[in-house]
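Please treat every number below as a calculation from the coordinates, not as lab data. The shown structure was predicted, so the numbers you read here are calculated from the model rather than taken from an experiment. Backbone-built Cβ (ideal geometry, glycine too); neighbour counts: all protein chains shown.
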Amino acid sequence: MLSAKSLFQEILDDDESFALFCSIAASGESQGGWENGRIAALVPRSERALAPKITRHGADEDKHGRIFNALMKKRGLEPVPVPSETDYTMLLEKHGIGLAHEKLKSDEPLTVQDIVIYLSHSRVTEQRASEQMDLLRRHFADHPDIGRAVRMISDDEDNHLAYCHEELLRFAYAGHGRAIQRTLRECALAEIRIYRDVSLAVMDHMGRILGWPRAKSAVLAAGIHAVYAYERFLGWRRMVSLKTPERRDALGGSATTAPEFA
Ligand SMILES: [Fe+2]
Ligand SMILES: [Fe+2]
């Protein structure tokens, strides 16, 4: 039977597909880490209090990147090149979602509007990260090789999402509500498209590596299109709502480490 669990189990069981999965994940995580590190360094003076949380956010993403690399190493696998059509973070940046890398590479401090854009972008992408890790946690939390990594990353992504809700609400109360709603909407509609395209590209590569019959690939592609249709119609709204999270100040402390991985 074709299920998320059986699909991922197949990818996990084969060295080549596992290396591709981990390489794609590691590259996205470390790009996220770099972006957050730069944003923390360029925070405007009036938002100084936010800098340690952004630093922590970046440190978590860097840690996730190292964890995925360590999972490959544990199996004696080397990272493989990430095909550009599967590079979610790069494609988002290319489509003008979030802050441009040009801006992050410069030494000009960011504006409060930039911080609102960063948080809105993160609110959308962290929702995706949190849902995807939650799916893995549901099926593989007790897996002997990846269980611990999955639980740790999933927990972090939940924290990131909670932090975005909390900080965006604070900015909304401070008068940025309209800008936040506009940015969230634009970002969510672009993200669901890019997520669809990246999912199709990843499944295409996995299908070739694992020798999937044409019918199986067709069913999977139809599934991805169906998810997009639902997200375009209704699902995107879950990515633009704001509510006070159960976990407050989720990025308040210092970053947790994963010494057994990195
Ligand atoms: Fe992450
Ligand atoms: Fe995250």
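Going from the fewest other Cβ atoms within 10 Å to the most, the residues His121, His95, His176 appear in the order His95, His176, His121.
Just to be sure I understand: with springs between alpha-carbon atoms less than 10 Å apart, which residue in Glu108, Glu186, Glu231 has the highest mean-square fluctuation in the Gaussian network model of the chain? In the Gaussian network model the winner is Glu108. Taking the Cα centre of the chain as the origin and placing charges on Cβ (Lys, Arg +1; Asp, Glu -1), which of Tyr173, Gly147, Val227 is farthest toward the positive end of the dipole? The listed residue farthest towards the positive side: Tyr173. Per residue, the chain reaches -24000 deg cm²/dmol at 222 nm when only DSSP H runs of four or more residues are counted, each adding -39500 (n - 2.57).
Run the reach check for Lys53 against lysines, Cα to Cα strictly under 17 Å, same-chain hits fewer than 8 apart removed. What comes back? Within the straight-line cut-off, Lys53 pairs with Lys63.
Of the residues Leu200, Ser241, Thr256, the one whose Cα sits farthest towards the positive end of the charge dipole of the chain is Ser241 (charges of +1 on Lys and Arg Cβ, -1 on Asp and Glu Cβ, taken about the Cα centre). Here the range 86-156 and the range 25-39 have alpha carbon centers that stand 8 Å from each other.
Between Val112, Val198, Val219, the Gaussian network model of the chain with springs among Cα atoms under 10 angstrom shows the greatest mean-square fluctuation at Val219. Using only side-chain charges placed at the Cβ, +1 for Lys and Arg and -1 for Asp and Glu, the dipole size of the chain relative to its Cα centre rounds to 720 debye.
Based on the Cα gyration tensor of the chain, what are the three equivalent ellipsoid semi-axes, each the root of five times an eigenvalue, rounded to whole Å and given largest first?
Details: eigenvalues 187, 91, 57 Å².
Over the Cα atoms of the chain, the ellipsoid semi-axes are 31, 21, 17 Å.
Name the lysines eligible as straight-distance cross-link partners of Lys216: C-alpha to C-alpha under 22 Å, and not fewer than 8 places from it in the same chain. Excluding near neighbours in sequence, the set is Lys5.
Under the definition of Cα pairs under 8 Å and six or more residues apart, what whole-number percent is the relative contact order of the chain? Normalised by residue count, the contact order of the chain is 24 percent.
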